[in-house]
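Presented below is the structure to which this report refers.
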Amino acid sequence: MKKVIGIDLGGTSIKGVVMGEDGAYGEALRIPTEAYKGGEHVLASIMSLIGELLGTVGDQPVAGVGIGTPGFVDGDGTILGGAENLPGWKGVQIYAPITERYGLPVAAANDVTAVALAELKFGAGRGVKNIVCFALGTGVGGGIVIDGKLYAGSHGMAGELGHIVVETGGLQCACGQNGCLERYSSATGIVRLAIDYASSADVDTPFARLVRKNPAEITAKIVYEYVAQADSLAMKVHHTACEMLGRAAGIMMNALSPDRIVLGGGVMMAGDIITNTVKTYAARSAWPAIFERCEVVPAQMGEDAGVMGAGALALERF
Ligand SMILES: [Zn+2]
């Protein structure tokens, strides 16, 4: 069976597995990223992890290496930027040194994009060819799979779904636009909405009182604890976050007519209530004939989605 190496580069650790064509893999190896030591150090750590993984396969051939990384990667393996948590990673060429040392071909993609591929092959996208994934975390990441293949765009930058403008003249975003999805539907966006809505003194619910007392301690998880109790302020936050995500989902439906919209990331710990509400709002933003043919589903991949996506990328390419 064909084997590949999957590497998931994160801000705090680098994780790697040797994976088979069926998606099965042994124990994941993990080393600290030590991002503060700079881009060349991160690359050297990835290389030594690959060496360690190759040491575990004996004389079985490995077809190639897949890497999921924060930020953008161009076609020849140079990091174009967009990875603020990895200082000095921009500009690093990652394919050539790995191929030179180990004689293996390398393919890299944005980490969230790679997770979309993992969902397609092993998770919520199984059995279909076209999916769009939204990852609701600190920000909102995205991944687009068309005809069973990751869509990276002409410059490796496709899938920035968090910066779809969902509110004309809306909140300012660090990217320079106003009204980006990420400002409303990420974990940080949800907390900010809660603080903003609770600031009005005529709102008096248990959740509003908590937010006013301890604004710094509010998390998306706490918001959804109050949503579960049907607190009216928490519900208002929930509806705004889901309406904005529904608009973006509707835009993607009209643009691509995918089989499924997959919702993942830490915020989705809240479960079906988000999926169902997003679906209701997406119906208002998508052409009915397209909406009827597109499911909105929660992601299925757990914490190993990153390495599995990186492995899936290598399986797809090599
Ligand atoms: Zn933005």
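Some points to look at:
- When +1 charges are put on Lys and Arg Cβ atoms and -1 charges on Asp and Glu Cβ atoms, the dipole computed for the chain relative to its Cα centre reaches about 320 debye.
- Amide H within-cut-off set for Leu80, under 5 Å, with H built and near neighbours excluded: Phe72, Val73, Asp74, Gly91
- DSSP bridge analysis restricted to the chain gives an antiparallel fraction near 60%, rounded to the nearest 5.
- The GNM of the chain, with springs linking C-alpha atoms under 10 angstrom apart, assigns the highest mean-square fluctuation among Gly16, Gly169, Gly82 to Gly169.
- Close amide H partners of Val296, meaning residues 5 or more places away or on another chain with modelled amide H under 5 Å apart, are Ile261.
- Counting neighbouring Cβ atoms within 10 Å and putting the fewest first, the residues Leu54, Leu313 line up as Leu54, Leu313.
- Vicinal HN-Hα couplings computed from phi for region 275-283 (Karplus, 6.51 cos²θ - 1.76 cosθ + 1.60; Hz; Gly/Pro x): 3, 5, 6, 4, 4, 4, 6, 4, 4
- Taken about its Cα centre, region 125-299 carries a charge dipole of about 200 debye when Lys and Arg each add +1 at the Cβ and Asp and Glu each add -1 at the Cβ.
- 3J(HN,Hα) along region 189-202, derived from phi through the Karplus expression 6.51 cos²θ - 1.76 cosθ + 1.60 where θ = phi - 60°, amounts to x, 5, 5, 5, 4, 4, 5, 5, 5, 6, 5, 6, 5, 7 Hz, with x in place of Gly and Pro.
- 10 Å Cβ shell holding at most 16 others, DSSP loop, GluC sites (Glu not before Pro): longest site-free stretch of the chain: 168-291
- Normalised contact order of region 125-299, rounded percent, pairs of Cα under 8 Å and 6 or more residues apart: 23 percent
- Ordering Tyr102, Tyr184 by the number of other Cβ atoms within 10 Å of each residue's own Cβ, fewest first, gives Tyr102, Tyr184.
- Build a GNM of the chain with springs between Cα atoms under 10 Å apart, and of Thr99, Thr168, Thr78 the one that fluctuates most is Thr168.
- Within straight-line cross-link reach of Lys90, lysines at Cα separation under 16 Å, skipping those fewer than 8 residues along the same chain: Lys37
- Max mean-square fluctuation residue, GNM over the chain, Cα-Cα springs under 10 Å, options Leu210, Leu263, Leu136: Leu210
- Low-density loop cleavage sites - trypsin sites (Lys or Arg not before Pro) in region 110-161, where at most 10 other Cβ are within 10 Å (DSSP): none
- Helix-only [θ]222 nm of the chain, DSSP H runs n ≥ 4, -39500 (n - 2.57) each, per residue, nearest 500: -12000 deg cm²/dmol
- Counting every other Cβ atom within 10 Å of each residue's Cβ, Asp59, Asp204 order from fewest to most as Asp59, Asp204.
- Nonlocal Lys pairs with alpha-carbon distance under 29 Å, region 125-299 (8 or more apart, or different chains): 8
- Positive-end residue of His41, Gly176, Thr138, charge dipole of the chain with Cβ unit charges: Gly176
- For Gly64, nonlocal amide neighbours, meaning residues 5 or more places apart or on other chains whose placed amide H falls under 5 Å from its own, are Ile5.
Quick note: the coordinates plus some simple rules give every number you see, no bench work behind them. Here the structure is a predicted model, which means the values were calculated and not measured. Note that each Cβ is placed from the backbone with ideal geometry, even for glycine, and that neighbours are counted across all protein chains shown.
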